[in-house]
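The values are calculated or read from the model by the stated rules, or taken from the named source; none is laboratory data. Predicted model, so just to flag it, every value in this text is computed and none were measured. Note: ideal-geometry Cβ built from the backbone for every residue, glycine included; neighbour counts use all protein chains shown. Ligands, DNA and RNA are stripped out before the accessible areas are found, and what is left, the full protein with its side chains, is counted by its heavy atoms. Shrake-Rupley method; radii C 1.70, N 1.55, O 1.52, S 1.80 Å.
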Amino acid sequence: MPTFTALTTLTGREPAYKLGEAMEDMMPEPTGVGVFEMEDGSGLWEVGGYFEEAPDEASLAILAAAMGAKDFVVSELPETDWVAHVRRELAPVEAGRFFVYGSHDADKVPEGCEPLLIEAAMAFGTGHHGTTLGCLKALDRLAVDGFVGKRVVDIGCGTAVLAMGAARIWEDTVLASDIDEVAVDVARANVVANGLEGQVECVEAAGFDHPALAGAAPFDLVFANILKGPLIALAPDMAGVMDTGAYAILSGILNEQADEVIEVYARSGINLHHRESIGDWTTITLRKMN
């Protein structure tokens, strides 16, 4: 059976979600609708739908015009087992001591590593993206240098791969939060799949706004792999929940954006400790010294 996609982009979270909701009421009905913020720092959101029969392009044009979106691009996809395809394309990733893999590669887990199981169908946050890889490498670097995290939080956790990495090497409970309910559900499923129940607690929250996070502060390590805008907005709150001597590992930052993020955090008393670029993305490790 053929599959059709209809994709567009527009500016702003609210109109993007409104467009996604409107697409769900189309006839023929889409089998799924997705709304995603693009990771290129453009401020654009991508809205897309999957259809089992050709969508009504006139209806799509009306919706795009009403929401200020670009014209939809409609394509027919070849019949492909996409999960099998992704599994072939996503080879395991090594980041220092961490080995991120899907269940189809369970036989490839080497001895002496810290394994992190993330299914291929949950591709964002598998470690293949330069931001996630950079954060795992930064975590490994801190641990090699002798740092031990006792109060760790992963803000905007996605698959919770960073929180689980910290839980693999340290004994204390790690908190993981995301603003998206589906992401929190995925994170919890990953925690169970990795046998880390009781070590990683996942909550739905915007930034640090949750009783569990408030009760656990001050933190000695904060992950935030999100995007430049939210990271900059989060700087004052992060300074307020970090202990003296605490570290922050931040990513979702394009290389040309890194200096601005570093400067904003320095004004909040959180200064650069290390930086690394992987592809188009920079990961920065910061430390609060007072």
Using modelled backbone amide H atoms (1.01 Å from N, in-plane), which distant-in-sequence or interchain residues come within less than 5 Å of Glu114's amide H?
Phe98, Phe99
Karplus-derived HN-Hα couplings along region 172-185 (A = 6.51, B = -1.76, C = 1.60, θ = phi - 60°), whole Hz, x at Gly and Pro:
6, 5, 10, 9, 9, 9, 8, 6, 9, 4, 5, 4, 5, 4
Heavy-atom accessible area with a 1.4 angstrom probe orders Ser103, Ser251, most exposed first, as Ser103, Ser251
Quick check on the chain: of the DSSP beta bridges with both residues there, what percent are antiparallel, nearest 5%?
60
Would you grab the residues whose amide H sits under 5 Å from the one on Phe219? Only those 5+ places off in sequence or on another chain, please, with H modelled 1.01 Å from N.
Met242, Asp243
Point-charge dipole on Cβ atoms (K/R +1, D/E -1) for region 1-65, about Cα centre, debye to 20
160
Solvent exposure, largest accessible area first (probe 1.4 Å, DNA, RNA and ligands not counted), of Ile284, Ile262
Ile262, Ile284
Cα-based shape type of region 121-229, given that a ≥ b ≥ c are square roots of the gyration tensor eigenvalues and the cut on a/c is 1.5
rounded
Per residue solvent-accessible surface (Å²) - the chain, probe of 1.4 Å
47
Rounded to the nearest percent, how much of the accessible area of the chain (1.4 Å probe, protein heavy atoms only) is carbon and sulfur?
51
Testing the spin-label approximation: label points 7 Å from Cα along Cα→Cβ at Val73 and Glu171. State their distance in nm.
5.4
Rounded to the nearest Å, what's the spacing between the alpha carbon centres of region 228-270 and region 135-207? Just the number, please.
19
Note, region 19-24: 3J(HN,Hα) by Karplus (6.51, -1.76, 1.60, θ = phi - 60°), whole Hz, Gly/Pro = x, goes 5, x, 5, 5, 5, 5
Projected onto the charge dipole of the chain (unit charges on the beta-carbon of Lys, Arg, Asp and Glu, signs +1, +1, -1, -1), the Cα from Ala6, Val73, Ala258 with the largest positive-side position is that of Ala258
Summing +1 for each Lys or Arg and -1 for each Asp or Glu, what net charge is found among the other residues whose Cβ lies under 11 Å from the Cβ of Cys135?
-1
Here, trypsin sites (Lys or Arg not before Pro) of region 142-174 satisfying both criteria (DSSP loop; at most 13 other Cβ within 10 Å) are Lys150
Where the only charges are on Cβ atoms (+1 Lys, Arg; -1 Asp, Glu), what is the dipole of region 145-290 about its Cα centre, to the nearest 20 debye?
380
Find how much the distance from Asp259 to Val35 grows on full extension, using 0.36 nm per residue of separation minus their present alpha carbon separation; answer in nm with one decimal.
77.7 nm
Other-chain or far-sequence residues with amide H under 5 Å of Asp154's (modelled H):
Leu175, Ala176, Ser177, Phe223
Size of electric dipole in the chain: Cβ of Lys, Arg +1 and of Asp, Glu -1, about Cα centre, debye, nearest 20
1280
With label points built 7 Å along Cα→Cβ from the Cα atoms of Lys108 and Ala266, find their separation and express it in nm.
4.1
Add +1 for every Lys or Arg and -1 for every Asp or Glu among the other residues with Cβ under 14 Å from the Cβ of Pro110, and state the total.
-3
Gaussian network model of the chain, Cα springs within a sub-10 Å range: biggest mean-square fluctuation belongs to which of Met238, Met38, Met27?
Met27
Assign one of three labels to the chain, namely rounded, prolate or oblate, based on the Cα gyration tensor with a ≥ b ≥ c the square roots of its eigenvalues; rounded applies when a/c is under 1.5, prolate when it is not and a/b is larger than b/c, and oblate otherwise.
prolate
How do Asp178, Asp56, Asp259, Asp25 stack up against each other in accessible area, from largest to smallest, with a 1.4 angstrom probe?
Asp25, Asp259, Asp56, Asp178
